[in-house]
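**Student:** Take a look at this one; I'll ask things after.
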Amino acid sequence: MRALFEAEGLLPSIGVTTGPAFCGVIGSRRRREYSMIGDVVNLAARLMVASQGGLLCDQATHDCVLGCHDFDGPPLALRLKGKAELIP
């Protein structure tokens with residue numbers, strides 16, 4: 001996905017997280033919308049901002065794909081908006 005953006009001259013910022021989230025329609029008959037709600041959704045958005053044109057993932061995602069994917073550089077611990085603790 002990242003290569004497709006770069007081929008178009010775009011520099012995507014990507015945050016990837018793993019965990020439970022609600023994905024579906026919320027609201028009433030009068031007003032409905034599709035939404036994704038959960039801490040992992042917010043964390044992915046925070047990682048996206050912190051990536052500044054790169055790709056960052058959370059520890060859970062790292063652990064799930066370790067051995068299937070190579071990671072660049074050492075693991076980071078970031079201070080992210082809305083989080084009291086450093087996020088690995």
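Read-outs throughout are calculated quantities, based only on the coordinates presented, and are distinct from any laboratory measurement. Computed from a predicted model, the values in this text were never measured in an experiment. All Cβ positions, even for glycine, are placed from backbone atoms using ideal geometry, and neighbour counts span all protein chains on display.
**Student:** Over the chain, calculate the relative contact order: mean separation of alpha carbon pairs under 8 Å at least 6 apart, over the residue count, as a percent. Intermediate results must be reported in sequence, preceding the final value.
**Tutor:** Details: 112 pairs, mean separation 24.1, N = 88.
Here the relative contact order equals 27 percent.
**Student:** Expressed in nm to one decimal, what extension gain is obtained for the pair residue 11 and residue 37 from 0.36 nm per residue of sequence separation less their Cα-Cα distance? Walk me through the numbers on the way to the answer.
**Tutor:** On the way: separation 26, 0.36 × 26 = 9.36 nm, distance 2.63 nm.
Result: 6.7 nm gained on full extension.
**Student:** Would you mind checking which residues have amide H under 5 Å from residue 57's amide H? H placed 1.01 Å from N; only 5 or more apart, or other chain.
**Tutor:** For residue 57, whose amide H was placed from the backbone, the distant partners under 5 Å are 16.
**Student:** Related question: Using the Karplus curve 6.51 cos²θ - 1.76 cosθ + 1.60 with θ = phi - 60°, what ³J(HN,Hα) values do you get for each residue of region 27-43, in whole Hz, with x for Gly and Pro?
**Tutor:** x, 10, 4, 6, 9, 10, 8, 8, 9, 10, 10, x, 4, 5, 5, 5, 4
**Student:** Further question on the same structure: Mean projection of the alpha-carbon convex hull of region 1-60 over all orientations, in nm²? Show your work: numbers first, answer last.
**Tutor:** On the way: hull surface 21.6 nm².
The orientation-averaged projected area of the Cα hull of region 1-60 comes to 5.4 nm².
**Student:** Mean separation of Cα pairs under 8 Å and 6+ residues apart, divided by the residue count of region 1-50: what relative contact order is that in percent?
**Tutor:** Numbers: 54 pairs, mean separation 19.2, N = 50.
Answer for region 1-50 is 38 percent.
**Student:** Something else: Share of antiparallel DSSP beta bridges in the chain, in percent to the nearest 5?
**Tutor:** Given both bridge residues lie in the chain, the antiparallel proportion sits at roughly 65 percent.
**Student:** Let me have the 222 nm mean residue ellipticity of the chain computed from DSSP H runs of 4+ only, each contributing -39500 (n - 2.57), with the sum over all residues rounded to the nearest 500. Mind dumping the intermediate values first?
**Tutor:** On the way: 3 runs with 26 residues, N = 88.
Taken over the chain, the calculation gives -8000 deg cm²/dmol.
**Student:** Please give, to one decimal in nm, the separation of the simple spin-label points placed at residue 22 and residue 78, each 7 Å out from Cα toward the Cβ.
**Tutor:** My value for the distance between the label points is 2.6 nm.
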